[in-house]
Every structure is written in C-alpha cells, then in structure tokens.
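Input: a single structure, listed below in structure tokens.
What follows draws every value from the coordinates through simple rules; no lab data is involved. Only a predicted model underlies this, so the values are computations on that prediction, with no experimental measurement involved. Positions of Cβ are backbone-derived with ideal geometry, glycine not excepted, and every protein chain shown enters the neighbour counts.
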Amino acid sequence: MKALVIGWDCATPELVFNKFLDELPNFRKLLKNATYGRMESCDPPITIPAWMVMATSINPGKLGIYGFRHRKNNSYTDIWISNSLKFKNVPKVWDILGKYGKKSCIIGLPPTYPPLPLNGCMISCFITPDATKDYTYPVELKKEIEKEIGEYIFDVPFRTDEKDELVKNLWEMTQRRHELVKYLIQNKEWDLFWFVEIGLDRVQHAFWRYFDEQHHLHEPNSPYKNVIRDYYKLLDKNLGELLDLIDDDTAIFIVSDHGAKRMKGAFCINEWLIRNKWLVLKEEPREIVSIGKADVDWSKTKAWGWGGYYARIFFNVKGREENGIIPKEEYEKMRKKLAEEIRKAKDDKGNVMNTKVFTPEELYPECNGDPPDLMVYFDDLYWRSAGTIGHGRVHLEKNDTGPDDAVHAKHGIFVKYPADEKRIEASIYDFAPTLLHTLGIEIPKHMEGKVIK
Amino acid sequence: MTEGKEEKGKYTTVSIPTPLAEKIKKRIEGTGFNSISSYVTYVLRELLASMEEEEEEAFSKEDEEKIKERLRALGYLD
C-alpha cells in the first residue's frame, strides 16, 4: 500500500467537519469512508514544532525545538532559527521508510530547510531564505520544478492591510503548489507522498475577523466575509483533482498541525513584567521597541519574555546569563512564584484569564536544545503574547507585529481514507505510527503514539 | 554498477567486490530498491550525512539575516 498525506496547515475541526462541510463536496464524500476526528496537537501547538512531532512521534523537548526561534547560548539577544540540521539524526517517517527501500516525496513540511538526503525527493518549507537557494533534494529537482510551474512560492506576507493583494497571492501560491504536487504525483516514484499547504494558516490569520461574529473586531458584511470559506473550497477543488490521480492501493490522510480560533487581543508580556517588578528598564523607550532594543537594566531584571502565539519567559540566572542575578538555588522558587502570578493575570476587562503556565520539564521527559524557563498560554491561547515594549499598557486589541485575527487552537484534524466510517479523537503523536502501520512497516519502539484503528 | 541509461557525466562507475554485490542483491530483494546502485547510493548518502559535523550551520550569515527579515515581515519576530 502507498500513502498520500495532505497537510492543511491550521485546518480547524469546527470548520471542516461542520460549518463548511456542505460546501466541500470532495472532502464530504471522502468522509463517508473515513476514520476521522479532532487531532490534539503537541505543546506548544505551533507549526514548528508540530509538523515535526507528527513526522517523528517524538516530543518537542526531545527534538529540541520549541518554536521558530531559540536563544543562542543563553544570550539576551542572539537567536537561531529552526532548521532541519538541528535534528538531522532523528528518524522522520521518510527516513524509516527509506531503510525499507520505500520512496518518499516530501513537500513544504516545516522545518525541512536545508533539505537533507532521503530515498526519494524533497522540497523544503517556508523557512527557506528564498528561491535562489538549493531548496530541493536532489538538487536537480529545482530546475524541473521551475520548468514545470515557474518560480516556487514558499509563503506570502500575510500580516498586511493590503487584503486584495493578499487574496491574489494566496490563491496563486496555493494553485502553483497544487499544480506541482499533481505533476510530481504522476512523474515520481513514491510510497509516501506528503505535502503541506501553508496558505490555509495564512488565510485564517488574515481574515478570521470577517466571518467570526464573536471576534472583537468583527466587521459585518465585509467584502472579505467569505474569503476563508472560499479558500477551503479551493483546497476541496484541488483535493478532488488529486483523488482522480490516485489508485485504489493508496491510503489518503488529511491532517493539520493545530486549529485556529479568534484572537481576543495581544498581552504585552514585558509591559506586564515591568509593572510586576520582574523586568526593569534604565529608560522608558520613546517608541515601540523589541526587548532586544530596549534599555534593560539587567542588574535588576529577574525575567523577560518573548511574543508569539504562546509566551516564552526567561530568567536572568547567575552564572547562566551574562549579567544574571537570580542565584541558582532560588531559581525553582522564583519560577513557581512567577508562574503563580501569571496565572492570576487579568484581561482588558479586569477578569482573571484561563492562563496556563508550564515548565518545559513538566511537559517533556527531556529538554534538549534551548528551552525557555516558562511557557505561557494566555487565556488558553486566546490572547497572543506581544514581546514589544513602549505601548504604555498591557492589553492591545491588535497584534503588535502586524494584522492578525486568529490564534492557535489545540486541536487540528485527522482523516484516514479508506477506513470504517467512524469519529475518533487522535493525538498528533499517533500519526507516524498509524502511517507506518498502514504501509506495513514495523513501528519503532521510541515512537510515543499509538496506531489509530 | 553502471546505470547505462543515465545522462552522461552525472553518474560514474565504482567497483565493489562481487560477493558484496551479491549480498546487496539478496538484501534488496522484495524492497523498493530496484538496483544495487540505488541501494549503495542511498547507504553512502546516509553515511556521509551522519558524518558531517554536528555544528554545521543551516544558514550563512547573509541568509540568516534574510530569513530573519522574512520572519519579521511574517510577524514571527518582534
């Protein structure tokens, strides 16, 4: 048996299984012979690391990836960007299949730049600097792609107010990628074909307010009201065309790394830390600046934070950070204290939020790489974290790094076809074992999930 | 170990002992490897990749700035 895995980044169970289902004829038809349901993502439920957790059935701590960026050598400002080399010796499903002589074709799965050798072919993800780079394995594949579809589009700048332009770019990127997928499905040998369409994540972040009446910035009857629905319809149309190319001996999976929900606002973590005496500035900034550019008094600062869909908090520890002040023996006590205080943080209306605070050690049996000291989901992720300073307040109604209407929800989707029609609840850790099982390959013992039956 | 039909210049011939070739032939029976060459290429690539230095950088300095700029434009960095 072979497998085609269709990755719809950010596909949201409430939308595909309910709200838009009637308008997605191909998807609906597929569900009649499918095992499907919500798939719980990892912690944190973010594109990087979630796709890699799906491809390995290994937790982010063991993989050593906690997001797009990480601190370099406990620096206050230096970062490294997630990339494939950081876990190149970790077996991804295509590495395991390769050992059995099976061929894989992997497209756009983050983070796969730089593309590493495999038995098959690969096109890297949106972490690729640009299309002038060697973004394929084997290298010659790039020429073939350009001949077939022109310049490959990795991503679109989606945090923009130029919404018409964004719609045009999203449709163009998605159509081009699907044309390429159709070409490769027919022209390459493969046992596993797995591609990820990032456009769905972008369209939901950029247009959520126009269709969700509960969104605090909802604009009724906006011309963009149906953009998200229409994008799902575009995916559905392409799904139908892909199904026409597939033989009966191919299992089809449709999966997402996490879901989406409305953003209630941005919580300025560093503004809050300043007000609560954890972070001290030498001078108030005159404009909005990132923490890296702020005039921080490190001799008095105990903790600072990063923005993102979840907040990462770092402590200024003696002997670890350059100007660390928290003695090592007080570190655990301080972590507990700050975690308690953050759990009591209030929203813009003065209500205590449903905020979740974790230490990486609580979430993962081992913590490789550069983990933060605390991980925070403000109001169960409804409030994103803003890292910038100089707003003069803690709560923002909009994102600080450009327009963004949605945040991440913990559950994405899982669909397997053909299978008995039944609703299930899956875990992202179950995906790799289920895929290997479907392809008749023994499941390695290190995998953390189970086979979905 | 020749791949006659391949484009000239992109492939070269390497000699391996016949018993080893026989062993590989047996090893790949019933797998997706359709030739000794494809198996040997796969194994060598794996080996070389694992031998490359751990600290190899993914991005040159210039590329790192480029990708940070793009991630900033995407709103992932503040």
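Quick notes on this structure:
- Computed over the stretch A:121-186, the ratio Rg/Rh where both radii use C-alpha atoms and Rh is Kirkwood: 1.00
- With both residues required to sit in the stretch A:265-403, DSSP beta bridges show an antiparallel share near 75%.
- Here is the tail figure for the stretch A:280-321: Cα pairs spaced more than 13 Å apart come to 59 percent of all pairs.
- Principal-axis analysis of the Cα atoms of chain A puts helix A:47-56 at an angle of about 50° to the longest axis.
- Shielding by partners for peptide A:124-137, expressed as the average number of C-beta atoms from other protein chains within 10 Å of each residue's C-beta, is 3.
- Coupling constants for the stretch A:79-95 follow from the phi torsions by the Karplus curve (6.51 cos²θ - 1.76 cosθ + 1.60, θ = phi - 60°), and in residue order they are 10, 10, 9, 3, 7, 5, 5, 5, 9, 5, 8, 7, x, 8, 3, 6, 5 Hz; glycine and proline get x.
- Per-residue packing, averaged as other Cβ atoms within 10 Å, sorts the ranges A:94-103, A:224-233, A:155-164 into the order A:94-103, A:224-233, A:155-164, beginning with the highest.
- Shielding of B:56-69 by partner chains, average beta-carbon count, 10 Å: 5
- Peptides A:337-349, A:293-305 ranked from most to least packed give A:293-305, A:337-349, packing being the mean of other C-beta atoms within 10 angstrom over each peptide's residues.
- Local electrostatic count at A:Phe207 - Lys and Arg +1, Asp and Glu -1, tallied over other residues with Cβ under 11 Å: 0
- In sequence order, calculated HN-Hα J values of the stretch B:64-75 (Karplus, 6.51, -1.76, 1.60; Hz; x Gly/Pro): 4, 5, 4, 6, 5, 4, 5, 5, 5, 4, 7, x
- Shape category assigned to the stretch A:16-114 from the gyration tensor of Cα positions, a/c cut at 1.5: oblate
- Helix A:163-187 and the long axis of chain A differ in direction by around 40°, with both axes built from C-alpha atoms.
- Packing here is the average count of other Cβ atoms within 10 Å per residue, and on that basis the peptides A:143-154, A:246-257, highest first, run A:246-257, A:143-154.
- Cα extents for the protein assembly as shown along the principal axes, largest to smallest and rounded to whole angstrom: 73, 56, 41.
- Over all other residues within a Cβ to Cβ distance under 12 Å of A:Val53, the charged ones net out to -3, with Lys and Arg as +1 and Asp and Glu as -1.
- Per the Debye calculation on the stretch B:18-73 with a single equal scatterer at every Cα and no solvent contribution, log₁₀ I(q)/I(0) for q = 0.12, 0.17, 0.19 Å⁻¹ amounts to -0.53, -0.68, -0.74.
- Test item: A:57-69 mean partner chain Cβ contacts at 10 Å: 1
- Rounded to the nearest whole Hz, the Karplus-based 3J(HN,Hα) values (6.51 cos²θ - 1.76 cosθ + 1.60, θ = phi - 60°) of the stretch A:290-307 follow the sequence 6, 4, x, 9, 7, 8, 7, 8, 5, 6, 10, 8, 9, 7, 9, x, 10, x, with x at glycine and proline.
- Local charge for B:Leu20 was computed over the other residues whose Cβ lies under 14 Å away, with Lys and Arg +1 and Asp and Glu -1, and equals +3.
- Largest first, the extents of the alpha carbon coordinates of the stretch A:265-403 on the three principal axes equal 38, 34, 26 Å.
- Amide H to amide H distances under 5 Å link A:Lys264 with A:Trp383, A:Arg384, where only residues 5 or more positions off or on other chains count and H is placed in the peptide plane.
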